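Reviewing the structure listed below.
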Amino acid sequence: MFLALSSFRKFKVYQMDVKSTFLNGDLEEEVYVERPEGLILGNDAKIICKLKKPLYGLKQAPRAWYYHLDKYLQQQGFTKGSADSNLYTKVENDKLLIIVGYVDDIIFGSNEESMSQNFASVM
């Protein structure tokens, strides 16, 4: 839907892969993992580790990142789509910026190049 609209409105479309996606979320519950092989913590081999941040592959990681992104975008004046919760729009006068987030990828486009450039630099 985003690509069809972007093509129709002649938006220049950008894509970004957020490298530190899962390090930017916060875990809402306590998560413990087995001690990674080779990590020595004292004399007890049964020590487990409590995570402070989500890790890639952890089932809670995408949800934590999405919550962080959602909160930030809404603070910046974006409106969340009603049919698609991964779609956000921002309208300023006759300028429109559309963003779609999916896991650790964001695609976006605008009818005003400066809006796209500004969003890219902030992100």
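The values are calculated or read from the model by the stated rules, or taken from the named source; none is laboratory data. Owing to the predicted nature of the structure, the values given are computational and were not obtained by experimental measurement. Cβ placement follows ideal geometry from the backbone for every residue including glycine, while neighbour counts extend to all protein chains displayed. All accessible areas refer to the heavy atoms of the entire protein, side chains included, with ligands and DNA or RNA removed. Shrake-Rupley method; radii C 1.70, N 1.55, O 1.52, S 1.80 Å.
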Which one is modelled with the lowest pLDDT among residues in region 18-34 that are open to solvent by 100 Å² or more (accessible area, probe 1.4 Å) and under 14 Å from residue 63 (Cα atoms)? 23
Hey, does region 73-89 have a residue that's at pLDDT below 85, under 10 Å from the mean Cα position of the chain (by Cα) and part of a loop (DSSP other than H, G, I, E, B)? no
Out of everything in region 53-67 that is farther than 14 Å from residue 32 by Cβ and surrounded by 16 or more Cβ atoms within 10 Å (Cβ to Cβ), what residue ends up being modelled with the highest pLDDT? 66
Name every residue in region 93-122 that is of a type in the set (D, E, K, R) and either open to solvent by 80 Å² or more (accessible area, probe 1.4 Å) or in a helix (DSSP H, G or I) (or both), in order of residue number. 94, 113
Just for region 1-17: of the residues that are outside any helix (DSSP H, G or I) and open to solvent by 100 Å² or more (accessible area, probe 1.4 Å), which one is nearest to residue 116 (Cα to Cα)? 12
Give me a count of the residues in region 40-52 that are more than 29 Å from residue 66 (Cβ to Cβ) and open to solvent by 70 Å² or more (accessible area, probe 1.4 Å). 5
